[in-house]
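Some notes on the structure that comes next.
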């Protein structure tokens, strides 16, 4: 009987800790710059991002920046570490007509990543290198 009660207690504690962890999702805010590399000439600007933890090394990602004086917001998901380690993700603009991926490393509170655009041409996905971002946490 004692073993069943102990097991039930441990199960209850595990469930409570799991829900407490997910209920207290903390935002991680980043600020930095982006560089857009293109044939017509490179462009750069300021960018901010908010990562909200949705699970272990799982994040909702929101990037905000201005392009040609127009504000843009891209949202999506990311997987990896925002302390020290690799992180990657996929984000979409508000109409879901443009898709970008990013892959990078966080080290000493700085995210350095490359970004690529995924386009569809004649029914095939084409991945285009588009530039870099560097952001401080």
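The values are calculated or read from the model by the stated rules, or taken from the named source; none is laboratory data. Here the structure is a predicted model, which means the values were calculated and not measured. Counting neighbours? That spans all protein chains shown, and the Cβs are built from the backbone with ideal geometry, glycine included.
Any chance segment 22-29 includes a residue that's closer than 19 Å to residue 137 by Cα, free of Cβ contacts under 8 Å to residues at least 60 places away in the same chain and not in a loop (DSSP other than H, G, I, E, B)? Yes: segment 22-29 contains one or more residues that are closer than 19 Å to residue 137 by Cα, free of Cβ contacts under 8 Å to residues at least 60 places away in the same chain and not in a loop (DSSP other than H, G, I, E, B). Taking segment 31-43 as the range and being assigned to a strand (DSSP E or B) and modelled with pLDDT under 95 as the test, the residues that pass are 36, 43.
Scanning segment 116-123 finds no residues that are under 12 Å from the mean Cα position of the chain (by Cα) and on the phi < 0 side of the Ramachandran plot. Against the condition over 21 Å from residue 134 (Cβ atoms) and either surrounded by 13 or more Cβ atoms within 10 Å (Cβ to Cβ) or modelled with pLDDT under 85 (or both), how does residue 3 come out, does it pass? Spelling it out, residue 3 is indeed over 21 Å from residue 134 (Cβ atoms) and either surrounded by 13 or more Cβ atoms within 10 Å (Cβ to Cβ) or modelled with pLDDT under 85 (or both).
Given the conditions (1) at pLDDT 95 or above; (2) over 16 Å from residue 116 (Cα atoms), report the number of the one that residue 16 does not fulfil. The number of the failed condition is (1).
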